[in-house]
Amino acid sequence: MKYIVVTALLFLRLSFAFAQTEAAAPAKNERVKIIKLTADSKPDLAPFPIGITGIRIIPLYGDTARLGYVQVGMMNKKISAVPDKPWANYLQDFTDAQYKSMFKDTGVHLLWVIKDLRINERTFAMSEKAFVRLKADAYASSDRQHYHLLAHFDTTLVRGGMDVTGKHDRNIAEIVQLLLKTAVANVNTAINDTAPLLAADIQDKAVAELNAPILLATQYYSGVYRSYAEFLANTPSVSNFDIAIEKKKVNVYETKADGSRVLVEHPWGVCKNGEVYKCIPTALIPLEKSGHAFVISNYLEAINRKNKSIFWSGVAGGLGGGLIGGAAMGAAASSSTGSSVYLVTAIPYIKKQQPEATTVDVESGELMF
């Protein structure tokens, strides 16, 4: 009876938390690719070294409108990839089906807080690459009340081929299996060496990360965000500023009352007239909120975009951010349509043929796919 009560209370708390993150969905006119996860009938899995009674998944994604973007057609147009069922069930149902034959009546119970699951693909001269990223915190409990941290998991897999669009389901299954192996390998050490946490406290901490002021705000204050922390707080520290394009570099200046200007070194972003931009040395990248995250506006269908990059019409005689960004080799590359493609440089083990940036990582503020 104790386990039933605890599980019911946790379910209610998780339902509330999930409702907060289920705020976004693809627009009605948006073309999408549905990604369905199907459990293997005979998964190639080694026996667990310990008994596992089950896996509970807390899905706390930032961008709940999509899994990422995939390519379609001869011109490799990017469209949203979406799960075939609600986020609350997507990984949970797959995990239950994939591992049910290996669960035991006794052992430890695993809890996974899934912070991000994203896919991406790019076409290169001689091949295509598929990317899948899973970001999660894994915990284990012997009584389903007190959980020990097993691992902070943040891994991206790269898989090649000529038809990667049809393999995202297998790639997701592979990275879920890698999370499981990582968690199980740490169970004995974690239970002995880490302090226990209540499941409700784990969930509350994860939800708090999605409740930063900027992610809940309906109004963004104009100014310069010197850091990602200022952006999350929706409190730009520089109120008056202007932009100058100098030697193919975008410089942000604070304007003083006497008319003088001071260069703002390495600003995270700017906001003007309700439009938010992330700064990189060669561009201001227009962003738009999607659920509890920000995505690069260029990937949204034009009729659904709120950020129209109006701010750029007053910068450098109307020179657009795409033209500036297209000149940046390494930070951005040109796509087949001539528009800017910004690359993910924050994954240290992917140095070449990097994924295409489409969003902002909620925790770090870095460009991510």
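The values are calculated or read from the model by the stated rules, or taken from the named source; none is laboratory data. Bear in mind that the values here come from a model prediction, so they are computed numbers and not experimental data. Note that each Cβ is placed from the backbone with ideal geometry, even for glycine, and that neighbours are counted across all protein chains shown. For accessibility, only protein heavy atoms count, side chains too; no ligands or nucleic acids. Shrake-Rupley method; radii C 1.70, N 1.55, O 1.52, S 1.80 Å.
Side notes on the structure shown:
- Carbon + sulfur, % of accessible area of the range 20-209 - ligands and nucleic acids excluded, 1.4 Å: 52
- Ignoring aspartates and glutamates fewer than eight residues from residue 33 along the same chain, the ones with Cα atoms less than 14 angstrom from its Cα are 84, 121, 169.
- More than 30 angstrom apart: percent of Cα pairs within the range 20-209: 23
- Here the range 72-143 is assigned +1 on the Cβ of each Lys and Arg and -1 on the Cβ of each Asp and Glu. Its dipole about the Cα centre then comes out at about 440 debye.
- Projecting the Cα atoms of 186, 102, 150 onto the charge dipole of the range 20-209 (Cβ charges, centred on the Cα centre) puts 102 farthest toward the positive pole.
- Residue (of 126, 206, 35) at the positive-pole extreme of the range 20-209, dipole from beta-carbon charges: 126
- In terms of the mean number of neighbouring beta-carbon atoms within 10 Å, the peptides 344-350, 134-140 order highest first as 134-140, 344-350.
- Remark: the range 20-209 carries a charge dipole of roughly 680 debye about the Cα centre, counting +1 on each Lys and Arg Cβ and -1 on each Asp and Glu Cβ.
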